[in-house]
1. With everything on Cα atoms, drop me the angle between helix 194-208 and the longest principal axis of the chain, reported from 0 to 90° to the nearest 10.
2. Anyone know which of F201, F175, F39 comes out most mobile in the 10 Å Cα GNM of the chain?
3. What are the aspartates and glutamates whose alpha-carbon lies under 20 Å from the alpha-carbon of K179, with same-chain residues fewer than 8 places away excluded?
4. Below 8 Å, C-alpha to C-alpha, sequence gap of six or more: please give me the relative contact order for the chain in percent.
5. Note down the nm distance, to one decimal, between modelled labels 7 Å out along Cα→Cβ at A101 and at R268.
6. If you take every residue apart from I96 with its C-beta less than 9 Å away from the C-beta of I96, what net charge results, scoring Lys and Arg +1 and Asp and Glu -1?
7. How large is the helix-only mean residue ellipticity at 222 nm for the chain, computed as the sum of -39500 (n - 2.57) over DSSP H runs with n ≥ 4, divided by its residue count, in deg cm²/dmol to the nearest 500?
8. With the contact rule set at Cα under 8 Å and sequence spacing of 6 or more, what percent relative contact order holds for segment 253-318?
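Values quoted throughout were computed directly from the atomic coordinates according to the rules given, and no laboratory measurement underlies them. None of these values were measured; they are calculated from a predicted model. Methodologically, a virtual Cβ is constructed for each residue, glycine included, from the backbone with ideal geometry; neighbour enumeration extends over all protein chains shown.
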Amino acid sequence: MELAREIDGSRQPRTKRVPKAARNWWTVHQWVGLKLSLFMTFVLLTGTLAVVSAEIDWLLQPSLRVSPSTVEGPVAWAEIARNAARYPGVARATAIDAPTASAFAARVTIEHADGSLGFLHAHPATGAIQGEGPWVDAARVLRNMHRHLNLPTSIGVPIVSSLAFLLLVSLVSSFVVYKKWWRGFAKPLRRRDARTWWGDFHRLAGVWSLWFVALIALTSVWYFVESLGGDAPPAPQADIAAPFTPGPVRADLARSFDAALAAYPGLRVERVVLPGPDNPLLQLHGDFEALLVRPRANAVWVDTRTAQVLLKSDGRDLNLHQRISEMADPLHFGDFGGYWTKAVWFLFGLALTGLSVSGAAIYSLRIARDRERVLRLSRALSGMWQGMAHWRWLSVLLLAIGAVMLVELFRQ
């Protein structure tokens with residue numbers, strides 16, 4: 001069959017005519033995998049790297065590293081906040097993020113006197129400031145490029161997340177195109193020629209990544225829905241208990257932290273939002289007993305003027321709409337289980353990126369083989385470029401926009 005020869009990479013004798021429905025499914029599968037393959041590969045690769053973006057920053061920024069043997073006891077939140085506020089050039093410390101892992105420093109978000117933003121890196125146990133990091137780091141670059149191409153989120157998020165529909169079509173059509181797909185989990189990669197190897201790789205990576213493709217596609221559909229106004233109601237927020245005049249806050253942070261932790265035993269704090277000149281409230285966000293929610297779902301709010309706890313929120317109390325919204329990020333990036341899940345998401349992200357590349361390679365190698373007996377890389381790339389037709393210019397335009405906006409991000 002012609003279809004069998006296309007999938008198998010071999011030139012088997014024609015035995016019977018391929019049903020029209022099967023040919024149509026193959027055409028659909030090839031179309032969604034090829035026309036925007038350049039843009040799809042870029043989005044998948046940046047998303048895969050974004051999973052380990054904190055580790056990339058750890059490698060690039062020495063002040064973000066600590067020796068695990070020097071970290072004992074809980075995070076010194078109050079000391080970190082106090083030292084950050086006194087650091088030269090800092091006008092205000094706005095938030096503190098807990099260390100990503102045992103070898104990481106805590107990260108403090110700061111504002112400089114000129115209004116620019118940055119980070120300080122603090123030893124989690126002593127609170128000592130180890131150095132300063134840029135606002136535009138690897139994590140910001142990768143996540144911005146992956147999520148919205150550095151465009152305004154109302155524009156960029158719908159553009160990027162619309163790729164989810166291509167992923168879903170590719171997923172559904174693969175079950176029809178690849179007959180008896182369940183037999184492919186242990187099939188070896190044949191090395192008869194380049195096209196056979198790429199075809200075998202595409203099928204092998206595909207069957208092992210079925211669950212991951214579905215997960216990424218569905219969470220991306222949710223981001224698309226949110227970007228068009230379907231976002232969940234916000235979490236509850238505390239009101240200032242008494243009349244407040246904006247200005248410097250005389251806050252006893254240590255007492256406020258103690259009150260918050262005493263009121264919410266078992267809360268594993270991941271992020272602290274510090275009081276400021278227009279708001280005396282301290283917020284602690286973290287993990288509690290609810291599964292697959294962002295830290296903001298479990299929060300405690302304290303008035304730092306009196307150390308009075310004003311509000312506690314528990315992720316288990318979210319309604320269905322809020323719960324779906326909170327689940328999207330942990331499932332999309334795989335950070336809910338620490339390194340155990342991040343490693344899995346990173347590896348399957350690479351496999352998904354490889355699926356995008358190999359699908360285009362299969363097409364281009366087929367075109368090259370049909371044109372000449374000896375396959376050349378230049379001919380294969382030319383076939384892929386031509387196969388994208390006018391859609392290639394849309395991919396080029398989107399990538400160019402992302403690059404230009406990235407330059408603007410660094411200029412901020």
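1. Roughly 50 degrees, rounded to the nearest 10.
2. Looking only at F201, F175, F39, the largest GNM fluctuation is found for F175.
3. Cα-Cα hits under 20 Å: E2, E6, D8, D200.
4. Working: 669 pairs, mean separation 79.7, N = 412.
This gives 19 percent for the chain.
5. Simple spin-label model gives 1.5 nm for this pair.
6. Numbers: positive: R107, R271; negative: D97.
Counting the neighbours of I96, the net charge comes to +1.
7. Numbers: 15 runs with 210 residues, N = 412.
That comes out to -16500 deg cm²/dmol.
8. Numbers: 125 pairs, mean separation 20.3, N = 66.
Reported relative contact order: 31 percent.
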